[in-house]
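Visitor: Encoded as structure tokens, here's the structure I'll be asking about.
The values are calculated or read from the model by the stated rules, or taken from the named source; none is laboratory data. Keep in mind it's a predicted model, so treat the numbers as computed, not measured. We place every Cβ from the backbone using ideal geometry, glycine too, and count neighbours over all the protein chains shown.
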Amino acid sequence: DAKTTQPPSMDCAEGRAANLPCNHSTISGNEYVYWYRQIHSQGPQYIIHGLKNNETNEMASLIITEDRKSSTLILPHATLRDTAVYYCIGLNTGTASKLTFGTGTRLQVTL
Amino acid sequence: DTAVSQTPKYLVTQMGNDKSIKCEQNLGHDTMYWYKQDSKKFLKIMFSYNNKELIINETVPNRFSPKSPDKAHLNLHINSLELGDSAVYFCASSHTGSGYTFGSGTRLTVV
């Protein structure tokens, strides 16, 4: 599984876009980039995932560079409820694949 | 309709006791997992079951014994509880190689 690197913390003003970067230079061709978040002590929540193409859903957008060595999660209009730890994880499709969490980015959304 | 449900939500017990945590998913997923989140908030996978078969066992002490009676259930039994077992335990499920859905966690406190 690819090792990912994320900044430990970021701040964002409410209503602005939050752009969370992730480096995954060792990602292999069959590994997807997954983003999860954990709000306070709740269970991790799936946000979005992608392989090569950019992806968008109701929660966020995922921009993956052409060389797949990095990606950016975009929360278009951050709210206070988006304050959480965000995890970028590489995950392959095998039976023994496992979602391995790093230390993530603590996003603080402020008024 | 809770997708992944764990019981109990809180568990306080004395050292040396034996306890179980139950997990059920109604998503039709074929793989289930147990994760442990310690006081430093680091999330670590413990076990994974695919169609009732153990496929991941991450060097967890043998006091921890997972049991999967069917695809929808994965229980965690812990013998001879120690202070260091205090943590939040999360159950999760997925289709093989796809994103995980997590439960809301069981906070175990050993006194």
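Visitor: Only residues that are outside any strand (DSSP E or B), on the phi < 0 side of the Ramachandran plot and exposed (fewer than 13 other Cβ atoms within 10 Å of the Cβ): list them for the stretch B:66-81, please. Don't jump to the end; show me each part of the working.
Guide: Here is the first cut: in the stretch B:66-81, the residues outside any strand (DSSP E or B) are B:71-72, B:79-81.
Narrowing further to those that are on the phi < 0 side of the Ramachandran plot: B:71-72, B:79, B:81.
Within the stretch B:66-81, none qualify.
Visitor: Being of a type in the set (Val, Ile, Thr) and closer than 30 Å to A:Leu51 by Cα is the requirement here; does B:Ile21 meet it?
Guide: On the way: of a type in the set (Val, Ile, Thr): yes; closer than 30 Å to A:Leu51 by Cα: no.
Answer is no for this residue.
Visitor: Please state which of the following conditions B:Gly16 fails to meet, knowing it meets all the rest: (1) crowded, with 20+ Cβ neighbours inside 10 Å; (2) out of contact with any Pro (no Cβ under 6 Å at 6 or more places or on another chain); (3) away from chain A (no Cβ under 13 Å); (4) of a type outside the set (Asp, Glu).
Guide: So the condition that B:Gly16 fails would be (1).
Visitor: Does A:Thr26 satisfy the criteria of being in a strand (DSSP E or B) and polar (S, T, N, Q)? Let's see the steps before the verdict.
Guide: Details: in a strand (DSSP E or B): no; polar (S, T, N, Q): yes.
The answer is no for A:Thr26.
Visitor: Here is a follow-up. As an exercise: evaluate B:Ala3 against (1) within 25 Å of A:Val85 (Cα to Cα); (2) surrounded by fewer than 20 Cβ atoms within 10 Å (Cβ to Cβ); (3) at pLDDT 95 or above; (4) aliphatic (A, V, I, L, M) and give the number of the one condition it does not meet.
Guide: Checking B:Ala3 against (1) within 25 Å of A:Val85 (Cα to Cα); (2) surrounded by fewer than 20 Cβ atoms within 10 Å (Cβ to Cβ); (3) at pLDDT 95 or above; (4) aliphatic (A, V, I, L, M), the one that fails is (3).
Visitor: Here's another thing I want to ask about it. Taking the residues in the stretch A:4-29 that are over 20 Å from A:His77 (Cβ atoms) and in contact with a Ser or Thr (Cβ under 6 Å, 6 or more places away or on another chain) as candidates, determine which candidate is farthest from the other protein chains (Cβ to nearest Cβ).
Guide: At the first step, the residues of the stretch A:4-29 found to be over 20 Å from A:His77 (Cβ atoms) are A:4-9, A:22-29.
Still in the list and also in contact with a Ser or Thr (Cβ under 6 Å, 6 or more places away or on another chain): A:6-7, A:22-24.
On the way: A:Gln6: 14, A:Pro7: 16, A:Cys22: 16, A:Asn23: 20, A:His24: 16 Å.
Applying the filter and picking the extreme gives A:Asn23.
The rows are residues; the columns are (1) more than 23 Å from A:Ser41 (Cβ to Cβ); (2) touching a Pro at 6+ places or on another chain (Cβ under 6 Å).
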position: B:Val4; (1), (2): no, no
position: B:Thr7; (1), (2): no, no
position: B:Lys22; (1), (2): no, no
position: B:Met46; (1), (2): no, no
position: B:Ala72; (1), (2): yes, no
position: B:Leu76; (1), (2): no, yes
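Visitor: Hey, another quick one. Is there any pair with a first residue in the stretch B:93-111 that is under 18 Å from A:Ser41 (Cβ atoms) and a second that is in a loop (DSSP other than H, G, I, E, B) and at pLDDT below 95 whose Cβ atoms are under 6 Å apart and which are 6 or more apart or on different chains, and what are they?
Guide: From residues that are under 18 Å from A:Ser41 (Cβ atoms), the pairs are B:Tyr100/A:Leu99; B:Thr101/B:Ala3.
Visitor: Right, something else. Could you check the stretch B:3-34 and list, in sequence order, the residues that are touching a residue at least 60 places away in the same chain (Cβ under 8 Å), assigned to a strand (DSSP E or B) and closer than 21 Å to A:Ala96 by Cβ?
Guide: B:Val4, B:Cys23, B:Gln25, B:Thr31, B:Met32, B:Tyr33
Visitor: Taking the stated definitions as given, is B:Thr96 within 12 Å of chain A (Cβ to nearest Cβ) and out of contact with any helix residue (DSSP H, G or I) (no Cβ under 9 Å at 6 or more places or on another chain)?
Guide: Values: within 12 Å of chain A (Cβ to nearest Cβ): yes; out of contact with any helix residue (DSSP H, G or I) (no Cβ under 9 Å at 6 or more places or on another chain): yes.
Yes.
Visitor: For residues that are surrounded by 21 or more Cβ atoms within 10 Å (Cβ to Cβ), more than 7 Å from every other protein chain (Cβ to nearest Cβ), out of contact with any Cys (no Cβ under 6 Å at 6 or more places or on another chain) and of a type outside the set (Gly, Ala, Ser), tally how many sit in the stretch A:84-111.
Guide: Going through the stretch A:84-111 one residue at a time, the tally reaches 7.
Visitor: When you go through (1) of a type in the set (Gly, Ala, Ser); (2) in contact (Cβ under 8 Å) with a residue 60 or more places away in the chain; (3) within 14 Å of chain B (Cβ to nearest Cβ) one by one for A:Ala78, which number turns out not to apply?
Guide: Condition not satisfied by A:Ala78: (3).
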